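Single-structure report; data block below.
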Number of protein chains: 2
Amino acid sequence: MGHRIGIVGAGVAGLHLALYLQKHGVEAVLITDREPDAYRDSRLINTVAHHHVTLERERQLGLDQWSDPALHYTYHDHVFSFPEPIRFRGDFSSPSRAVDYRLYLPALMEVFAERGGAIEYRRIEEAEIPALAARFDLLVVAAGRGPLGQLFDYRPEHSPYTQPQRRLCVGLYTGVRQPDPMNVTLSVSPGHGEMIVIPTVTFDGIATALLMENVPGGDMEGLAGLRYEDDPAAFRQAILDALETHHPTTYDRIDTARFDLAQPQDLLQGGVVPTVRRSCVTFDDGTCAIALGDVHSVVDPMMGQGANIASYAAFVLGEEIVAAEVLDERFCEKVDLRRQDRVLAAARWTNLMLQPPSEAMGRLIGTMSQNKALADDFTENFNYPERQWDRLSTPARIDAWITRMTPPELLAGAMA
Amino acid sequence: MGHRIGIVGAGVAGLHLALYLQKHGVEAVLITDREPDAYRDSRLINTVAHHHVTLERERQLGLDQWSDPALHYTYHDHVFSFPEPIRFRGDFSSPSRAVDYRLYLPALMEVFAERGGAIEYRRIEEAEIPALAARFDLLVVAAGRGPLGQLFDYRPEHSPYTQPQRRLCVGLYTGVRQPDPMNVTLSVSPGHGEMIVIPTVTFDGIATALLMENVPGGDMEGLAGLRYEDDPAAFRQAILDALETHHPTTYDRIDTARFDLAQPQDLLQGGVVPTVRRSCVTFDDGTCAIALGDVHSVVDPMMGQGANIASYAAFVLGEEIVAAEVLDERFCEKVDLRRQDRVLAAARWTNLMLQPPSEAMGRLIGTMSQNKALADDFTENFNYPERQWDRLSTPARIDAWITRMTPPELLAGAMA
């Protein structure tokens, strides 16, 4: 077709799209302000798990750098620190894997370049946007910062919050024992927050991400503002104290003598305002810009959806570009029709989980602790957020799911 | 699942859904204010062609009353009465067929009843809507008249007109010769209107529908208000005069001695305001009502899309009902996600064709007259309005389509 695609942003969305288009013979230029060498010593970017649907897309792109089974994890361990604690396991149908994006993103940039892809390293200023658009048949905006991201208006009907719902304290740590096989732990301290424990491939082997999702006003809110550099020992002790009180099964995995940030810069603190934006704008010359990844929908990291839906949407967009004759508003509409259910479901599901659980959600948690098939289904649906939303979006749907997954002789007890 | 579905309206949408649900073991109650016997002598309802995608759905429903190949037509004949007339043919991949709905609808009602389906014959008053909703897990509104249709708000972004764009004069006539095999003729008199000539199965064999789409302010506008009963001979002569001047290839098919309405009541005059409505409302008790068929989108009949998209949407809705555990707003959202592209494309394409042709559309018509494959593609897309919209929605898309379908050695001429 001879399309020429400009992709601004070299996160997972931009890179998976660039590699997809490259594989299918479509000319794509990647534009980013960060060179591969700049990632090595930078501050932690995020903590990201790739579920098996995303790993399958990596295989399609010929990315096999982290295919060693020893780097993968196979199940979720759920821990609820109720007065009577609940703990249960949910297995994936196929393993997941997390890689530090300071390793992952530059590796993919180098693959793209080695395969002949063009990368321009520069920042886009507002004044040059029209000239940039004029160079391409479609401009893909996959970097939220800067003037390009601001082109896309918020969709208030899908953006219920104006403030972060969690105060995040995210670090990569040494001294946390991994089970064999490895898992991800979802640990909940009601009223205080959640913690996601993720075995993560780093430059120096496996470290442990502690993604602490602290409720504003709860015991651990202050961790999001506690400075490591000022007093590393005090920081370590504050984290250990919080774990001992609120996330005890993780505390039990810690060798306190070895417990520390893997590197001083392996810490990220702050919060995310979940937002969904309109996804298409048309420039005066008729060229369209389409939003991808976080520019389209940014979610709280709790459910591990951001990177996975970004990669999903990148492939949908790539498939549509390869099939399209004309890259116009109708094209963007068709892309949205295909991707919106999964993208919006990830946002809605995550936003739901940021709220105190309904009675029905409480029933679901209790039933999952007794019903492995239900817990497995919940876990597998991290790959398919639209299915999760089908099951969780209302109490009636939660109860219908419980009923369907519960043997008849146990049903009376489950719904009590 | 044990769903209980109420379907208000026994047009093609309501009946295809009722028969689909019946086939799949879902309890459906059909509610209509018109008994089968009331159709026989009623005024003409419409003129409707079923394209092959709709005939395939009929086969799935076990409806084989009109499967005789002699009742079908296989191609479109296009006639443009430009100063230099253009005429060309486009073939379907599989035949189409039109049946008078005064025959078709009661026959399907009887099939539904014979197979054990429940039909309630009554009019719904506004006050009883809550009680009606309470009887069902989902209320399907497939009848636009009355208070139920008013529940669904217009979507102004998809409803560009406030007035009919054509003044319709539609009749079933005797004395029009059919070619062998039969065809549908699309005859255009620029500035004055279009006429669709449809061989139609009636109670008394094949008659010819003349669907005259007269432009307001054009020569034939008055036909939409001309009364047959007052002076049948004058009415006949007015139609013949219009055909002779504006649709001469059809005039040439007429045996003037036999030309007349097949029955005095075989005439329908008026106009349609194309509108799209929101498709889901939720009652106080939580029951949802979903719009189907003309309640969801009503189109001008020019492109023959109304019945076909109504049947399509009925099957989408039926499939989703069969698969669903809970029939709520999320359910309606998923139905819309599946059906909206085709339903909206039919509306947009039809609305486009109601406007004077763009230069690109003129190029397309000229090229189709010289390029059988292009004309066949245009014709086949009456089955797939979303594909037609992909090709026609902008001049760039029309030109891309022409380019793709034109042998390189002829391309320079086509795009001149």
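Taken together, the values in this text are just the output of simple stated rules run on the coordinates, not laboratory data. What you see is a predicted model, and the numbers here were worked out from it, not measured in a lab. We place every Cβ from the backbone using ideal geometry, glycine too, and count neighbours over all the protein chains shown.
When each full DSSP H helix of chain B is screened for a Cα extent of at least 18 Å along its own axis and an average Kyte-Doolittle hydropathy of at least -0.5, the helices passing are B:101-114, B:232-246, B:306-323.
Taking the Cα centre of the stretch A:359-414 as the origin, how large is its charge dipole in debye, to the nearest 20, when only Lys and Arg (+1) and Asp and Glu (-1) carry charge on their Cβ atoms? Don't jump to the answer; show the numbers that get you there.
Details: 6 positive and 8 negative charges, 10 e Å.
It works out to roughly 40 debye.
A simple rule links phi to the HN-Hα coupling: the Karplus curve 6.51 cos²θ - 1.76 cosθ + 1.60 with θ = phi - 60°, which for the stretch B:247-259 gives 9, x, 5, 6, 4, 5, 8, 9, 8, 4, 5, 9, 5 Hz, with x for Gly and Pro.
Chain A: longest stretch without exposed GluC sites (Glu not before Pro) (DSSP loop, at most 13 other Cβ within 10 Å), sites themselves excluded? Result for the longest clean stretch: A:230-416.
For the residue pairs A:Lys334/A:Lys372; B:Lys23/B:Lys334; A:Lys334/B:Lys372; B:Lys334/B:Lys372, alpha carbon separations beyond 32 Å are given by A:Lys334/A:Lys372; B:Lys334/B:Lys372. By the count of other C-beta atoms within 10 Å, a proxy for reagent exposure, B:Asp100, B:Asp241 are ordered fewest to most as B:Asp241, B:Asp100. The fraction of Cα-Cα pairs per 5 angstrom bin, counted from 0 for the stretch A:167-270, comes to 3, 13, 26, 28, 20, 8, 2, 0 percent, rounded to whole percents. Normalising the average separation of contacting C-alpha pairs (under 8 angstrom, six or more residues apart) by the number of residues puts the relative contact order of the stretch B:167-270 at 40 percent. The residue among B:Gly362, B:His52, B:Val176 whose Cα reaches farthest toward the positive pole of the charge dipole of the protein assembly as shown, with charges on the beta-carbon of Lys, Arg, Asp and Glu, is B:His52.
Dipole magnitude for the protein assembly as shown: about 340 debye, using +1 per Lys or Arg Cβ and -1 per Asp or Glu Cβ, origin at the Cα centre.
For a Förster distance of 41 Å, can you work out the FRET efficiency between the beta-carbons of A:Glu126 and A:Asp231, rounded to the nearest 0.05?
Numbers: r = 42 Å, r/R0 = 1.01.
E between A:Glu126 and A:Asp231, to the nearest 0.05, is 0.50.
Using the Cβ-Cβ distance between B:Ala323 and B:Ala257 with R0 set to 51 Å, the FRET efficiency from 1/(1 + (r/R0)^6) comes to roughly 0.35. Mean residue ellipticity at 222 nm, helices only, chain B: -11000 deg cm²/dmol; runs of at least 4 DSSP H residues each add -39,500 (n - 2.57), and the sum is divided by the number of residues.
The residues neighbouring B:Asp100, those whose beta-carbon lies less than 10 Å from its own, together hold a net charge of -1 under the Lys/Arg +1, Asp/Glu -1 convention. This ranking places A:Val326, B:Val273, B:Val53 by how few other beta-carbon atoms lie within 10 Å of each, fewest first, which gives B:Val273, B:Val53, A:Val326. With 5 Å bins beginning at zero, the pair-distance distribution over Cα atoms of the stretch B:185-244 amounts to 4, 17, 23, 23, 21, 9, 2, 0 %. Both radii are taken from the alpha-carbon atoms of chain A; with Rh as the Kirkwood radius, Rg/Rh is 0.97. Relative contact order of the stretch B:61-204: 37 percent, from C-alpha pairs under 8 Å at least 6 residues apart in sequence. Rg and Dmax of the stretch A:359-414, based on Cα coordinates, read 10.5, 30 Å. The stretch A:276-319 and the stretch A:130-150 have Cα centres lying 12 Å from one another. Normalised by 2.2 N^0.38 Å, where N is the number of residues, the C-alpha radius of gyration of the stretch B:306-384 stands at 1.48. Scaling the Cα radius of gyration of the stretch B:154-193 by the globular reference 2.2 N^0.38 Å produces a ratio of 1.80. Remark: label point of A:Arg123 defined 7 Å out from Cα along the Cα-Cβ vector; separations to the same position in other copies 7.1 nm, ascending. Across the options B:Ser42, B:Pro274, B:Ser94, the greatest Cα extent toward the positive end of the charge dipole of chain B (unit charges at beta carbon of Lys, Arg, Asp, Glu) belongs to B:Ser94. Net charge of the neighbourhood of B:Pro130, taken over other residues with C-beta under 14 Å away and scored Lys/Arg +1, Asp/Glu -1, is -4. What is the local net charge at A:Gly11, summed over the other residues whose Cβ is closer than 13 Å to its Cβ (Lys, Arg +1; Asp, Glu -1)? It works out to a net charge of +1. Sequence-distant contacts, meaning Cα pairs under 8 Å at least 6 residues apart, place the relative contact order of chain B at 20 percent. Note on the stretch B:167-270: dipole from Cβ charges, positive end direction compared against B:Gly191, B:Ile206, B:Tyr228; the farthest Cα belongs to B:Ile206.
Here is the short version for chain A: A:Cys169, A:Cys288 have no other Cys C-beta closer than 4.7 Å. Exposure proxy ranking for B:Phe203, A:Phe331, based on other Cβ atoms within 10 angstrom of each Cβ and starting from the fewest, stands as B:Phe203, A:Phe331. Taken over the C-alpha atoms, the protein assembly as shown has Rg and Dmax values of 31.4, 107 angstrom. Taking the Cα centroid of the stretch B:254-270 and of the stretch A:180-243, what is the distance between the two, rounded to the nearest whole Å? Each part's Cα centre sits 82 Å from the other's.
Remark on the stretch A:241-372: ratio of C-alpha radius of gyration to 2.2 N^0.38 Å is 1.46.
Both radii are taken from the alpha-carbon atoms of the stretch B:1-153; with Rh as the Kirkwood radius, Rg/Rh is 1.06. Charging the Cβ of each Asp and Glu at -1 and of each Lys and Arg at +1, and nothing else, the dipole of chain A about its Cα centre rounds to 500 debye. Working from label points 7 Å from Cα in the Cα-to-Cβ sense, the A:Arg43 to B:Lys372 distance is 7.0 nm.
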